[in-house]
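All of the numbers you see were taken from the coordinates with simple rules; none came from a lab. Worth saying up front: this structure is predicted, and the values here are computed from it rather than measured. For neighbour counting, all protein chains shown are included, and Cβ atoms are generated from backbone atoms with ideal geometry for every residue, glycine included.
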Amino acid sequence: MLKIFNQNNFSNQERKTFGLHLIFSIIDGIILGALALNEFVLIKSLNGSNLQLVLLVEFGVALLTFSIFMNELLQRTKNKKKMLRIISLITRLPLLFIYFFPSDFESITFFHQSAFLIIFLIYFSASPLIFPSINQLLKDTYSQKNFGQLYGISGSVNKIIMLIVTFAFGFWLDYDNFSFRYLYPILGILSIFSIFILTKIKFVNYENQYNHTFLNSLKKSRKRMKKIMFENKPYRDFEMSFMFYGFAWLLSSAVITLYFENRLELNYSSIAFYKNSYNLIAIILMPVLGQVLGKIDPRKFGIYTFVSMLLFLFFMALTEFIPQHFFLFNIKIYYTLVISHIFYGFFAACMALLWYIGSSYFCKNEDVANYQAIHLTLTGVRGAFAPFLGIFFFNLIGYTGVFALGIVSLIISIWILVKSLKTNKII
């Protein structure tokens, strides 16, 4: 990895940005590694209900609906670094209150479950502002040919850290179901530090004249979004396919958590094992796939991504009918679930690139934040209803029915991209 800093095809600014991005990715990996078990903490340690589980899933994506609003706010703010730092303090410090949660099941009440949800509602509220900022900062600094490669390397490091932390936290939670009381406050401090590191990357200030009110700016943003979606047909197709993929993922996300807990009866260590198995594959593949994304149409890359997701759901559903398994220490290993997560590893590597930087390949550098804001807003739109529909269909048609609906939705998303590649070329 250190060879990156010695190659002549990377500018000094790219090397400096990569160093800061790498530090951010390491810290972010620690945070994501712990939060990978967040939903299980709610239902296992805090005895949360199905509705509370859905709400927690909702918070992670539905708030992205405000990305257009937040992007407009970011564009109008002269001191963007200061703004991001203030937002990080407001949204991350509440994690410190988790330290005061009870440390036994008998003392857990509805108040603690609600407080847990509110704290993460506040935490995820920063996403519509932070995600477009990361995309814009990196796109401004990394060249087109190096963007995917450098992002892929930092992404692999991010997932290595995630793997270690998820596995360690899983074992810690099996030893002490309330160990999250100690770790989550630390995550809050680390998250603030990571945002401060991110803001050390140089911002490029594009010339924007704001001679109108904020409300009028939002109206113009809505019109700009409409114009982009109508005129940039390849990007429109890309986002349409993402809507169906996102529906499939969010429909099944909370249901998979219940599937692991109630049907497969997995403990924290087993859950961490499966999450790490796909992360290990993603770590190996991301640097290679990062270079691939920079060379091929992102819609073709999307087809590979969604096919792997489809196979993940297929073998996930198959585990209910082929439940053969064995134990390795305290880990419950299902044969078909291992196959499922092999495909999920390929999917995770692809999606880590496609979701974060895929939209940037459809526009000029100065438009990256706008395009990513649209992408995030649409993510929020589907996130506002898909998890609830997942639980609704789960109560109606069970695990297999929900997984089947997800597979059908993915087939539609793949068909959209195949058709788009034949009819609409990227300008």
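What to note about this one:
- Cα-derived Rg over Rh, computed across the chain with Rh taken as Kirkwood radius: 0.95
- The amide H of N267, built 1.01 Å from its N in the peptide plane, has K332 as neighbours under 5 Å, considering only residues 5 or more places off or on other chains.
- Projected-area mean, the stretch 264-412, by convex hull of Cα positions, square nanometres: 10.1 nm²
- In this Cβ point-charge picture (+1 for Lys and Arg, -1 for Asp and Glu), the chain has a dipole of about 1920 debye about its Cα centre.
- For the chain, the relative contact order comes to 28 percent (Cα pairs under 8 Å, sequence separation of at least 6).
- Estimated vicinal HN-Hα couplings, Hz - the stretch 116-127 in sequence order (Karplus 6.51, -1.76, 1.60; Gly, Pro = x): 4, 5, 5, 4, 7, 4, 5, 4, 6, 5, 7, 4
- Other-chain or far-sequence residues with amide H under 5 Å of H325's (modelled H): none
- From phi via Karplus (6.51, -1.76, 1.60), per-residue ³J(HN,Hα) for the stretch 177-193 in Hz, x at Gly/Pro: 4, 10, 5, 4, 4, 8, 6, 4, x, 5, 4, x, 5, 4, 5, 4, 4
- Contact order, relative form, for the stretch 291-427: 35 percent (alpha carbon pairs under 8 Å, 6 or more residues apart, mean separation divided by residue count).
- Candidates per trypsin sites (Lys or Arg not before Pro) in the stretch 291-339, loop by DSSP, up to 10 other Cβ within 10 Å: K295
- The residues E265, E39, when put in order of fewest to most other Cβ atoms within 10 Å, stand as E265, E39.
- Filter on K202/K425; K81/K233; K233/K300 - keep pairs with C-alpha separation over 22 Å: K202/K425; K81/K233
- Karplus-derived 3J(HN,Hα), 6.51/-1.76/1.60, for each residue of the stretch 405-418, Hz, glycine and proline x: 4, x, 5, 4, 4, 5, 4, 5, 5, 5, 4, 4, 5, 4
- Whole-angstrom gap from the stretch 109-130 to the stretch 166-200, using each part's C-alpha centre: 15 Å
- Computed lengthening from R181 to S107, 0.36 nm per intervening residue step minus Cα-Cα distance: 25.2 nm
- Between the exposed loop cleavage positions of the chain, defined as chymotrypsin sites (Phe, Trp or Tyr not before Pro) in a non-H, G, I, E, B DSSP state with at most 12 neighbouring beta-carbon atoms within 10 angstrom, the longest gap is 1-205.
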